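In what follows, a single structure is set out as structure tokens and then discussed.
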Amino acid sequence: MYAVNDTVRDFDEIRSMYPTTYESQTAKIIDYVDDHVRNWIEASTFLTLATVSKAGQVDVSPKGDPAGFVKVLDEKTLAIPDRPGNHRFDSFQNIFETGRIGLVFLVPNRNEVVRVSGSARVTRDADIREMGAIKGRVPELVILVDVEEAFYHCGKSIIRSRLWHPEEAGSVEDLPTYGEALLAHGKLTMSKEELDARVENNDRNRLYDE
């Protein structure tokens, strides 16, 4: 752990540094999905899904699909289809250990986000799975989120990041490929070319098929 000279150890100290509160922010949290939150979720094409293990290990997983992939079953329940991935199943394991979940929903070309948190469970309900079908591919599992908090979050972070302005981004040519990173971190014996080809095939042919 990197050594620092001035660690803040008390939340009250932080609050004393920023004493001003805004009613629009402190009163904005609701415990259900209203029309504003529903419309945002149904327009979202990407979310981050955070879970925590019994040991306190936090995992954040990206999820993406065409708009409407997360279904609002009712004002207290969301359904997130599972797609083919890395078979680590970190989110599922954490859900069974603690059942806690947090979501951040992004909508392309909008700077705000919607945040949802609550408890999670996993279902094989055939009707709910069918709702998540894409190109005839029905997900094997669906994560259900029982909503406890939902609110809009301001757009300052995305504005500062210039996320929706890729023309302003720097070059990514010097970044390692996914295959290079896997080889380095996993001490794998296959060649970079072989692993890059496998990754490319997965990206092309395994978006919805195992």
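Go through the stretch 178-210 and give me each residue that's under 22 Å from the mean Cα position of the chain (by Cα) and among the polar types (S, T, N, Q).
To start, the set of residues in the stretch 178-210 that are under 22 Å from the mean Cα position of the chain (by Cα) comprises 178, 181-182, 199, 202-204, 206-210.
Listed by number, the list holds a single entry, 202.
Could you grab the pairs with beta carbons closer than 8 Å, sequence gap of 6+ or different chains, first residue in the stretch 155-173 and under 11 Å from residue 106 (Cβ atoms), second one exposed (fewer than 10 other Cβ atoms within 10 Å of the Cβ)?
If the second residue must be exposed (fewer than 10 other Cβ atoms within 10 Å of the Cβ), the pairs left are 164/109.
Just give me the residues in the stretch 104-135 being more than 14 Å from residue 50 (Cα to Cα) and of a type in the set (Ser, Thr, Tyr), in sequence order.
123
For (1) assigned to a strand (DSSP E or B); (2) at pLDDT 90 or above; (3) closer than 25 Å to residue 79 by Cα; (4) in the same structural domain as residue 86 (by TED's automatic domain parsing), each residue gets a yes or a no:
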residue	(1), (2), (3), (4)
139	no, yes, yes, yes
144	yes, yes, yes, yes
149	yes, yes, yes, yes
167	no, yes, no, no
170	no, no, no, no
181	no, yes, no, no
184	no, yes, no, no
197	no, yes, no, no
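I'd like to check which strands (runs of 3 or more DSSP E) are fully inside the stretch 48-108 and have at least 2 residues that are without any contact (Cβ under 8 Å) to a residue 40 or more places away in the chain and loosely packed, with under 13 Cβ neighbours inside 10 Å. Break it down stepwise before answering.
Numbers: elements: 58-64, 71-74, 77-81, 100-106.
Qualifying strands (runs of 3 or more DSSP E): 58-64.
Under the condition of being within 22 Å of residue 158 (Cβ to Cβ) and not hydroxyl-bearing (Ser, Thr, Tyr), which residue from the stretch 109-119 is surrounded by the fewest Cβ atoms within 10 Å (Cβ to Cβ)? Reasoning before the result, please.
Pass one, the stretch 109-119, residues within 22 Å of residue 158 (Cβ to Cβ): 109-117.
In the following step, the residues that additionally are not hydroxyl-bearing (Ser, Thr, Tyr) were identified as 109-116.
Working: 109: 8, 110: 14, 111: 17, 112: 16, 113: 21, 114: 24, 115: 16, 116: 22.
Result: 109.
Could you grab me the full set of residues in the stretch 199-210 that are among the charged types (D, E, K, R) and not in a helix (DSSP H, G or I)?
Pass one, the stretch 199-210, residues among the charged types (D, E, K, R): 200, 203-204, 206, 209-210.
Correct list: 206, 209, 210.
Can you tell me how many residues within the stretch 109-120 are part of a strand (DSSP E or B) and either among the acidic types (Asp, Glu) or out of contact with any helix residue (DSSP H, G or I) (no Cβ under 7 Å at 6 or more places or on another chain) (or both)?
Qualifying residue count, the stretch 109-120: 6.
The values are calculated or read from the model by the stated rules, or taken from the named source; none is laboratory data. In this text the structure is predicted, and so the values were computed from the model without any measurement. Don't worry about glycine lacking a Cβ; one is built from the backbone with ideal geometry, like all the others, and counts go over all protein chains shown.
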